[in-house]
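Input: a single structure, listed below in structure tokens.
A short reminder: the numbers here are calculations on the coordinates, not readings from a lab. Because the structure is predicted, anything quoted here is derived from the model rather than measured. Neighbour counts run over all protein chains shown; Cβ positions are idealised from the backbone, glycine included.
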Amino acid sequence: MAYVSGASRSDGCLFCAALAAEDDRAALILCRRPRAFLLLNAFPYSPGHLMAALNRHVGPLEEATPEELGETMALVQSAIRALSTVYRPDGFNVGVNQGRVAGAGVEGHLHLHVVPRWNGDTNFMPVLGDVRVLPESLTAAYDRLRPALAP
């Protein structure tokens, strides 16, 4: 309830704001690289839902440089390794939602979703109440994943 009641709407880019933050834990940033960074999704579809985003504020995939895309995909690989170790999911959804019609919540800053999945992980809450049930807080997830991503 503290999480839901503390939510606020921001006019700026959430990824740029996270990058500018001085406290990576508070910003949910798990890992920073020269061209990209990895963070927990503040509105996750499932426990351990991560995002790999470019450091540069660019939206369309075709405007990212090969170096930015390479570093972002390397973070996706690191995310999958860490999530596999810490959460032991049965599989993953990895993807980009480009454009509002494709489901992009943040159109102006390119990012990839890494969503761990488990056999039978669907439940009735999202269907009946438009509510997601998560078994742990974001800070607990951060504390579990951060050591698994240490260089």
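Relative to the globular-protein estimate of 2.2 N^0.38 Å, the Cα radius of gyration of region 12-149 stands at 1.02. Semi-axis lengths, largest first, of the ellipsoid equivalent to region 8-47 are 16, 14, 10 Å, with √(5λ) applied to each eigenvalue of the Cα gyration tensor.
For region 12-149, a crude dipole built from +1 on the beta carbon of Lys and Arg and -1 on the beta carbon of Asp and Glu, taken about the Cα centre, is about 260 debye to the nearest 20.
Summing +1 for each Lys or Arg and -1 for each Asp or Glu among the other residues whose beta-carbon sits under 13 angstrom from that of T65 gives -3. Remark: the E107-E63 segment gains 14.5 nm on full extension, using 0.36 nm per residue and subtracting the alpha carbon distance. The length gained on full extension between W118 and A42, counted as 0.36 nm times the residue separation minus their Cα-Cα distance, comes to 25.4 nm.
Starting from the Cα of N93, step 7 Å toward the Cβ, then list every residue of region 21-53 with an amide N under 13 Å from that point. Only 44-47, 49-50 pass the distance filter.
In this rough spin-label picture, where each label sits 7 Å from Cα along the Cβ direction, the M73-R33 distance is 1.1 nm.
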